[in-house]
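Shown next, in structure tokens, is the structure this report addresses.
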Amino acid sequence: MAFFKGSLKRVEILSKLSLFLIAMALSVFLILLSDNFMEDIPHWFKKPIRKEFQDKPQLDKINGEMIPIGKKLKKADEKVSNLSISLNIANRKYQSEKKSFETWLKARRTIGSPNEDSKVRDRGKQLDSLRVIEDAWQAKIDAVKKEQKGLVAHQRSLVSKRSRTRAKGNEKYQTAYRTFSIKIFFVRLAIILPIMILAFILLAKFKASKFKPLIWGFTIYAIYAFFFGLVPYLPSFGGYIRYAIGVLLTLSIGYYVIKRLTVFTARKKAELEESREGRLKKIKHGTAIKAYNSHSCPSCERDFLSNKWLPKSKKLQTVVLEDEAPSFCHHCGLQIFDTCAKCNHRNFIHFPYCSSCGETLNA
Ligand SMILES: [Zn+2]
Ligand SMILES: [Zn+2]
């Protein structure tokens, strides 16, 4: 559709503006109303709470088992450090005794007193007893460490059992949450789908209705409801559904637009192929006024004055009188001006009456 600059009267502009405002106002109020309503939907169902899906008695049991183990481990640590001190002392005693024994032995060899075998034996025994003490401490430490090892293994198995229990609970929660979201989505779908269908029917059935602005307002609301009330709540399944819907929408809208464009071009072509007389009769009064005011051909919509109207600069330099305007459109051959049969005055023949004598123009 061509836009005829300067051809719309002020009233026409105002009425278009007010109709537009009516459509916008209706859609805005519908959007606000439905937003309010939609916000309440999640409250219709119990939203799953993560905590409630955990096996609490089991977790409590595990935690309960872990407390004494922790305590025992702490105690064992203390025991080991205490025993280590004793072991150190015993070791030091043994080492110093050993050193003194060796020195004594050396001295004895130099001096040479072979009758003192029993003394050697005694000292050797004493050294051995110190070694036994040290070994006893070490054995105690080893025992505690063994106990510790067992405790740590038990603790580890409890920790992994606890995380397994938690993971199971989380899984249950995820499933419940998915069900919840799907429920919400279907409720929204149940509300929004009829709205969209209704908008579609209204648009198709009342194309030419004078209440079109109201239908448009409702349609804008339906589009909003689809994109903001439904699409964000689509169950995602890794984005598949969203993208699939995008593809489907593009396909259907693309199909519709291409079909309409083809029909429109074909119609325009057919129009121009029609005989000049046939076209002449089809031109409506409104189109004729717009065409006259903007000096465009009412059929092919091109400027029939272009060469005279805009000589070199883009400014209007000479007013072209009707007498100077061409009688036929030099683009499509449609007749534009003709003389009145009664008074011979030259008229724009798409107007119904002669502007000089009022005679009916036989267009
Ligand atoms: Zn033309
Ligand atoms: Zn006349």
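The values are calculated or read from the model by the stated rules, or taken from the named source; none is laboratory data. Computed from a prediction, not measured in an experiment: that's the story for all the values here. Positions of Cβ are backbone-derived with ideal geometry, glycine not excepted, and every protein chain shown enters the neighbour counts.
One line per residue, one yes/no per condition, for (1) surrounded by fewer than 13 Cβ atoms within 10 Å (Cβ to Cβ); (2) modelled with pLDDT of 90 or more:
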position: Phe4; (1), (2): no, no
position: Pro57; (1), (2): yes, yes
position: Glu65; (1), (2): no, yes
position: Pro68; (1), (2): yes, yes
position: Asn91; (1), (2): no, yes
position: Lys106; (1), (2): yes, no
## Note on the structure
The condition of being out of contact with any strand residue (DSSP E or B) (no Cβ under 9 Å at 6 or more places or on another chain) and either surrounded by fewer than 17 Cβ atoms within 10 Å (Cβ to Cβ) or not in a helix (DSSP H, G or I) (or both) holds, among Pro213, Pro232, only for Pro232
### Query
Could you count how many residues in segment 235-255 are assigned to a helix (DSSP H, G or I), of a type in the set (Phe, Trp, Tyr) and either within 16 Å of Leu189 (Cβ to Cβ) or modelled with pLDDT of 90 or more (or both)?
1
### Options Asp35, Asp55: the member that is over 30 Å from Gly229 (Cβ atoms) and of a type outside the set (Lys, Arg)
Asp55
### Message
Which numbered condition in (1) assigned by TED's automatic domain parsing to the domain that holds Lys56; (2) in a helix (DSSP H, G or I); (3) exposed (fewer than 13 other Cβ atoms within 10 Å of the Cβ) is the only one that Ala225 fails?
### Response
(3)
### Task
Considering only segment 77-129, state which residues are touching a residue at least 40 places away in the same chain (Cβ under 8 Å) and either β-branched (Val, Ile, Thr) or not assigned by TED's automatic domain parsing to the domain that holds Val152 (or both).
Val80
